[in-house]
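The values are calculated or read from the model by the stated rules, or taken from the named source; none is laboratory data. On a predicted model such as this, the values are computed, not experimentally measured, just so you know. Note that each Cβ is placed from the backbone with ideal geometry, even for glycine, and that neighbours are counted across all protein chains shown.
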Amino acid sequence: MSRKKQLEITDQTGRLDKVLSDMMPDESRSQLKQAIEEDRVLVNAKVEKPKYQVQAGDQIEVTIPDPVALDLEPENIPLDIVYEDDDVIVVNKPAGMVVHPSPGHPDHTLVNALLYHSPLSTINGTYRPGIVHRIDKDTSGLLMVAKNNHAHQSLAQQLKDKTNLREYIALVHGVIKQDEGVIDAPIGRSPKDRKRQAIVADGRHAVTHYKVLERYLNYTLISCWLETGRTHQIRVHMKSIGHPLAGDPLYGPRKTIAGSGQFLHAKKLGFRHPVTGKQLVFEAPLPQDFQRVINRLREQTPGLK
């Protein structure tokens, strides 16, 4: 089964894939790009490429196939719940846990654990119930989860409006000289490797703020604030300035600190409660293995305890 959507270009400009992403915010950009590549997007009844420049008056027909339903099994997996009420859950995800099922990873995810614990919103369809935002499998830390659709819509809008707080702690290679900085560089899929993201001219707008917390002999501990939430954003941005994350299997050097993946932790999360309107802020301490590495680097660095 599938559904068709008819669109008309008025004052929109730019590439077809980008314009569709703006006009159809409920669909992911990757899904829309795939639809174009699979000839499921017609412009004036003709097939066009993703880089086609739209023009006023263009009539666009988009065919969106219904998502493949996954049979999600609630699983009795322990959860580190930082906060919970009738509308939202804030959970501290361990490194190594996938956030939601996918065709290649159908179970043992955070969603499977959450479904065992509580009802979740249904806005994201069958395989991402409750999930408003994600962090990578090997990234630890805080996630906000919606229990109902009203909460989901409110939390998603806050992400879109950039009014929520997301602060990360990261350990990066090299000694960063400046105390703080801003990385403003577009991110998209790497043309050389589809598993990676990269800084690309036609990528999506991405902004990361960072501040140095401690400097070690060959590493720097930083905090990062996100204005945008692109896939692998901190990992790609820090690599782009010559300071890839320690332990990062995709973007870091081969010689790095051994661990369960990149040393990246979602430490602080803040948002406005979808019902009460109260501003909520939560923090999660560094995982033990991350803290042990920091302690060791401090001992090895003259002047630090």
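Go over the candidates Val212, Val236 one by one and state the one that is outside any helix (DSSP H, G or I) and touching a strand residue (DSSP E or B) at 6+ places or on another chain (Cβ under 6 Å).
Selected residue: Val212, the only one of Val212, Val236 that is outside any helix (DSSP H, G or I) and touching a strand residue (DSSP E or B) at 6+ places or on another chain (Cβ under 6 Å).
Within the stretch 161-168, does at least one residue satisfy the condition of being at pLDDT 85 or above, at negative phi and in contact with a Cys (Cβ under 8 Å, 6 or more places away or on another chain)?
yes
At pLDDT 95 or above, surrounded by fewer than 13 Cβ atoms within 10 Å (Cβ to Cβ), out of contact with any helix residue (DSSP H, G or I) (no Cβ under 9 Å at 6 or more places or on another chain) and among the basic types (Lys, Arg): which single residue out of Lys278, Lys267, Lys255 fits that description?
That would be Lys278, the only listed residue that is at pLDDT 95 or above, surrounded by fewer than 13 Cβ atoms within 10 Å (Cβ to Cβ), out of contact with any helix residue (DSSP H, G or I) (no Cβ under 9 Å at 6 or more places or on another chain) and among the basic types (Lys, Arg).
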